[in-house]
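Rule-based calculations on the coordinates, nothing more; no lab input. These numbers were taken from a predicted model, which means no experiment stands behind them. Note that each Cβ is placed from the backbone with ideal geometry, even for glycine, and that neighbours are counted across all protein chains shown.
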Amino acid sequence: MTKPPYRVPSMAEVRAVPWNGFNGISTFSGCGGSSLGYRMAGFRMLWASEFIPAAAETYRANAAPYTVLDTRDIREVTAADVLESTGLKAGEIDLMDGSPPCAAFSTSGKREAGWGIVKQYSDTRQRVDDLFFEFTRLLGDLQPRTFIAENVAGLVQGTAKGYFKEILAALRKAGYRVSAKLLDAQWLGVPQARRRLIFVGVREDLGMDPAHPTPLPYRYTVRDAVHDLPGAFDDLQTDPETGQQLSLRGYSVERLWREIRPGQGHPTRLSLKRLSFDQPSPTIVARAGTTGTAALTHPDHPRYPTLAELRRMGGFPDDFVLTGNYYRRWERIGRAVPPVMMARIAATVRDELLVPLRDAGRI
């Protein structure tokens, strides 16, 4: 297969995508990366839930006019609230989405040392390792026809496997056939290596097995993503969108940067990674340079990526609105499911599950 040029549709193009006839709701919606992917696949996302104020602000700035955004703690949300907002009955939602916070299971974090503890998460303090069970609570009460849930690869590694087994059991107890696979964004059209555990479920009474997308036979590189952006190859000192400093802070960090070959990380400063134009970006993480080191740097210059470059590498439209300062905007992309990745997952559920059910007159 010939690799087509890398291009993410604009927000206007996404808004113009014809409705595929299916509706959806989203929990733990973040800035709207998953929701945007569903919209790219033609779904109407009728309701979304996001508790973090900064993330909700960005979601609201890009939401479709028909989407209701609920900003309460998910623990306070009931199925009756969702059904009242959407005008639907239990069993009538076509797809339920959820990306419960995953920091508790990430291999880059403290993992089990932080389980069961209320701690800082983005702009809030909360316990996060139990939130997947809030998703399963709503799932059981709402009984959507299908669901897609996302979490970090670390959920199936080491001691976190116990949580994974409990989550899988809870999803099945809610009445679903469930499949979970590790998928990598770089094989689903995104110029970023980002491995995520994707759960797909189908309600038992529908008698169908879950489906996951097939990886593409090609990958996009950083060069594919940013080559036509103004300043993409320049030694910029400030981000043109926010005016915030992009150069690395301090001589020691800049010296470390010069010791790293493009496409590699520093052997002792693991948070410092230098992009390569000829490879996909490493995973874009949530925190960027707030302690004097940067998660990612430009291949040729000692600076952080611009927000325009981050959008491209994150699979977001160029005109997707990000709010807050430079670091908050980086965090929104770093915590999001790449929309292009979710669009492919959503299209698979649409074409292999929902459309056949509709064509058979079963929904």
Principal semi-axes in Å for the chain [√(5λ), Cα gyration tensor, largest first]:
34, 22, 19
Cβ-based exposure ranking for MET1, MET341, in which fewest neighbours within 10 Å come first:
MET1, MET341
For GLY263, the net charge from surrounding residues (Cβ-Cβ under 11 Å; K, R +1; D, E -1) works out to +2
Fewest to most Cβ atoms within 10 Å: ASP319, ASP205, ASP94 sort as ASP205, ASP319, ASP94
So for R0 = 51 Å, FRET eff. of GLU204-ARG258 from the Cβ-Cβ r, to 0.05, ends up at 0.30
Go ahead and run the numbers for FRET between PHE133 and GLU352, Cβ-Cβ distance against an R0 of 30 Å, rounding to 0.05.
0.60
Fully extended, how many nm does the chain gain between ASP81 and ASP318 (0.36 nm per residue separation, minus their Cα-Cα distance)?
81.9 nm
With N denoting the number of residues in segment 237-359, provide Rg(C-alpha) divided by 2.2 N^0.38 Å, to two decimal places.
1.25
Mean separation of Cα contacts under 8 Å (6+ apart) over length of segment 155-283, as relative contact order %:
21
Return the whole-Å distance between the Cα centroid of segment 216-255 and the Cα centroid of segment 1-37.
25
Percent RCO, i.e. relative contact order, over the chain, from Cα pairs under 8 Å lying at least 6 residues apart:
18
Would you please calculate the Kirkwood hydrodynamic radius of segment 187-286 over all C-alpha pairs and express it in Å, rounded to one decimal?
16.8
Counting alpha carbon pairs within less than 8 Å and at least 6 residues apart, what relative contact order, in whole percent, applies to segment 1-93?
25
Virtual spin-label span in nm between LEU216 and SER10, 7 Å along Cα→Cβ:
2.1
May I ask for the net charge around LEU182, where only other residues with Cβ less than 10 Å from the Cβ of LEU182 are counted and Lys, Arg are +1 while Asp, Glu are -1?
+2
Within the chain, which whole H helices from DSSP have a Cα span along their axis of at least 24 Å and a mean Kyte-Doolittle hydropathy of 0.5 or more, if any?
none
Distance between modelled label sites at ASP228 and TRP19, nm, 7 Å Cα→Cβ extension:
3.2
